[in-house]
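> Below is the structure I would like to discuss, written out as structure tokens.
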Amino acid sequence: QVQLVESGGGLVQPGGSLRLSCATSRIIFSIYDMGWYRQAPGKQRELVAIITSGGSTSYLDSVKGRFTISRDNTKDTVYLQMNSLRTEGAGVYYCSARWKTKYWGRGTQVTVSS
């Protein structure tokens, strides 16, 4: 079955950095658009960044210039480099893969606190 496994979350101080990874299996990774979503406690899940199969990227306005999404089609993995993290960046980060069907990972927790 299709698997998306996120890793790299943790506790970081405001202003710090984290790099999230999402390793996939049993999909033809290169044809999928990949996304990172965030869900803070009591809030709806929101799209943070997306990278298309062709490599085009787009970001939530509040993370532009601080977060970078990238993909490695040789490793079937998508990344989210998060710099200058703010407290409002905390939450569970989910990876998604979309082509004709959308798949989700189980998420990785990011805590931003001093």
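> With every protein chain present, what is the per residue accessible area of the chain (1.4 Å probe, Å²)?
On the way: 6230 Å² over 114 residues.
Counting only protein heavy atoms, the per-residue value for the chain is 55 Å².
> Ignoring ligands, DNA and RNA, what percent of the accessible area of the stretch 1-105 is carbon or sulfur (1.4 Å)? Write out the running numbers ahead of the final one.
Details: 2610 of 5620 Å².
Exposed carbon and sulfur together represent 46 percent of the surface.
> Taking 7 Å along the Cα-to-C-beta vector as the label spot, tell me the Q1-A40 distance in nanometres, rounded to one decimal.
Taking the simple label geometry, Q1 and A40 are separated by 3.2 nm.
> Still on this structure, I have one more. Would you calculate the separation in nanometres between label points at S58 and S17, each defined as 7 Å from the Cα along the Cα-to-beta-carbon direction?
Going by the 7 Å Cα→Cβ label model, 2.7 nm.
> Now a separate question. Using 7 Å Cα-to-Cβ label points, what is the R98/R26 separation (nm, one decimal)?
2.2 nm
> What are the aspartates and glutamates whose alpha-carbon lies under 16 Å from the alpha-carbon of K100, with same-chain residues fewer than 8 places away excluded?
Answer for K100, where 16 Å is the Cα cut-off: D33, listed by chain and number.
The values are calculated or read from the model by the stated rules, or taken from the named source; none is laboratory data. In this text the structure is predicted, and so the values were computed from the model without any measurement. Note: ideal-geometry Cβ built from the backbone for every residue, glycine included; neighbour counts use all protein chains shown. Side chains are part of the model used for accessible areas, which takes the heavy atoms of the whole protein and leaves out ligands, DNA and RNA. Shrake-Rupley method; radii C 1.70, N 1.55, O 1.52, S 1.80 Å.
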